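Structure record follows, encoded as structure tokens.
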Amino acid sequence: MRFGLMSGASMTGVTVDSIVTLAKRAEAAGFASLWMAHIRSIDAIAALGVAGRETSRIELGTAVTPTYPRHPMAMAQQALTTAQLCGQRFVLGIGLSHQRVVEGMLGLSYAQPVRHMREYLSVLRPLLRGEMVNFEGELYRIANLQIDVPGVVDVPVVVAALGEQMLRLTGRVADGTSTWMTGPQTLATHIRPTLAAAAAAAGRPVPRIIAGLPIVLTHEVDAAREKIARSLAIYGQLPSYRAMLEREGHRGPGDAALVGDEAQLREQLLRLRDAGVTDFNASIAEVDPGAFDRTFDFLAAVRGEFA
């Protein structure tokens, strides 16, 4: 299981410079990847392109960029450009977002989310490979469309898939899934087997499972979980994450977080590895002024134990 870091999850305080600084620090510490959330702040794909110019090894990916506001061509063009900037170390993570965002904020229809993603990937994947696309669907109609970005052969695509239909689609056509608020039991009994079965039926290897969860090294476990529960309360209210929390028997995000001392965190990380997680996406919870640095240093020190 490779270790990565999550950045940009808050709507304020994140700058391109702070992303570049974190990417360089993570690379120097030996982390395999840096994942950036795309919410209502700076554009994650663009920011990671800048970080790619300032680093040389670390994988950089979005976790995740919403599809509805972006035509597949616009998404492909931006992803290919960023992949060129990163020396092909960029992974495009995409997701549906949520009904309250797509309909309530953007004024778009969320009526057929699985069909939307199926058609979106049918256009996006070949564009990322530089192929000519002709596609006639219910939602997208594409004629003679091709993108040429020198030096980029393809861009890996991971999908924020949690439900059964989305997991089956992801297993058939994408390179992995990026999960959030999904615990080890659910990963082992729902995410991995559904993904693996769909991939096997399509004659493909098991895709990556990039599991994002809050984590913090602390001896004040109850207080930390309470702070995480408050700061991430919205994720306990969104239906897709609520379903994952309930599968795991969690009341909310505070219960899903990895919290404890060194021994407790090792045990919780081991459960994720044993559940089939290929990449742990650590969203370090800053529950107190020193939380980020000590958790960062812990993860950097133990990452080799879970390879």
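The values are calculated or read from the model by the stated rules, or taken from the named source; none is laboratory data. In this text, all values refer to a predicted model and were calculated from it rather than measured experimentally. For neighbour counting, all protein chains shown are included, and Cβ atoms are generated from backbone atoms with ideal geometry for every residue, glycine included.
Hey, any hits in the stretch 201-221 for a residue that's in a helix (DSSP H, G or I) and within 28 Å of VAL91 (Cα to Cα)?
Yes, the stretch 201-221 contains a residue that is in a helix (DSSP H, G or I) and within 28 Å of VAL91 (Cα to Cα).
Give the stretch 140-155 a look and list any residue that's surrounded by 16 or more Cβ atoms within 10 Å (Cβ to Cβ) and under 13 Å from LEU85 (Cα atoms), or say none.
Narrowing the stretch 140-155 to residues surrounded by 16 or more Cβ atoms within 10 Å (Cβ to Cβ): 140, 142, 145, 147, 149, 152, 155.
The answer is VAL149, VAL152, VAL155.
I'd like the full set of residues that are of a type in the set (Gly, Ala, Ser) and touching a Ser or Thr at 6+ places or on another chain (Cβ under 6 Å), limited to the stretch 150-176. Steps first, answer last, please.
So the first thing to find is which residues in the stretch 150-176 are of a type in the set (Gly, Ala, Ser), and the list is 151, 160-161, 163, 171, 174, 176.
Passing the criteria: ALA160, ALA161.
Looking at (1) part of a helix (DSSP H, G or I); (2) farther than 25 Å from ASP17 by Cβ; (3) in contact (Cβ under 8 Å) with a residue 24 or more places away in the chain, can you tell me which one PRO126 breaks?
Of the numbered conditions (1) part of a helix (DSSP H, G or I); (2) farther than 25 Å from ASP17 by Cβ; (3) in contact (Cβ under 8 Å) with a residue 24 or more places away in the chain, the odd one out for PRO126 is (3).
List pairs: first in the stretch 20-38 and in contact (Cβ under 8 Å) with a residue 12 or more places away in the chain and of a type in the set (Val, Ile, Thr), second part of a helix (DSSP H, G or I) and surrounded by 21 or more Cβ atoms within 10 Å (Cβ to Cβ), Cβ under 6 Å, 6+ apart or cross-chain?
Once the first residue is in contact (Cβ under 8 Å) with a residue 12 or more places away in the chain and of a type in the set (Val, Ile, Thr) and sits in the stretch 20-38, its partners that are part of a helix (DSSP H, G or I) and surrounded by 21 or more Cβ atoms within 10 Å (Cβ to Cβ) give VAL20/ALA51.
Conditions (1) more than 30 Å from ILE234 (Cα to Cα); (2) out of contact with any strand residue (DSSP E or B) (no Cβ under 7 Å at 6 or more places or on another chain), marked per residue:
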| residue | (1), (2) |
| --- | --- |
| LEU80 | yes, yes |
| LEU92 | no, no |
| ARG100 | no, yes |
| GLY104 | no, yes |
| ARG118 | no, yes |
| VAL123 | yes, no |
| VAL133 | yes, no |
| LEU145 | yes, no |
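List every residue pair whose Cβ atoms lie under 8 Å apart, where the two residues are 6 or more positions apart in sequence or sit on different chains, the first residue falls within the stretch 85-99 and is without any contact (Cβ under 8 Å) to a residue 60 or more places away in the chain, and the second residue, located anywhere, is assigned to a strand (DSSP E or B) and surrounded by fewer than 24 Cβ atoms within 10 Å (Cβ to Cβ).
ARG89/GLU59; SER97/PRO66
Regarding the stretch 85-97, can at least one residue be identified that is modelled with pLDDT of 95 or more, buried (at least 16 other Cβ atoms within 10 Å of the Cβ), of a type outside the set (Asp, Glu) and in a helix (DSSP H, G or I)?
Yes - at least one qualifying residue is present in the stretch 85-97.
Within the stretch 218-230, is there a residue that is over 24 Å from SER33 (Cα atoms), in contact with a Ser or Thr (Cβ under 6 Å, 6 or more places away or on another chain) and either crowded, with 21+ Cβ neighbours inside 10 Å or at pLDDT below 95 (or both)? Give the steps one after another, and end with the answer.
Of all residues in the stretch 218-230, those over 24 Å from SER33 (Cα atoms) come to 219-227, 229-230.
If we keep only those that are in contact with a Ser or Thr (Cβ under 6 Å, 6 or more places away or on another chain) as well, we get 224.
If we keep only those that are either crowded, with 21+ Cβ neighbours inside 10 Å or at pLDDT below 95 (or both) too, we end up with 224.
Yes, the stretch 218-230 has at least one match.
Looking at the stretch 40-67 only, could you name the residues that are of a type outside the set (S, T, N, Q), surrounded by 19 or more Cβ atoms within 10 Å (Cβ to Cβ) and outside any helix (DSSP H, G or I)?
Hits for the stretch 40-67 are ILE58, GLU59, LEU60, GLY61, ALA63, VAL64, PRO66.
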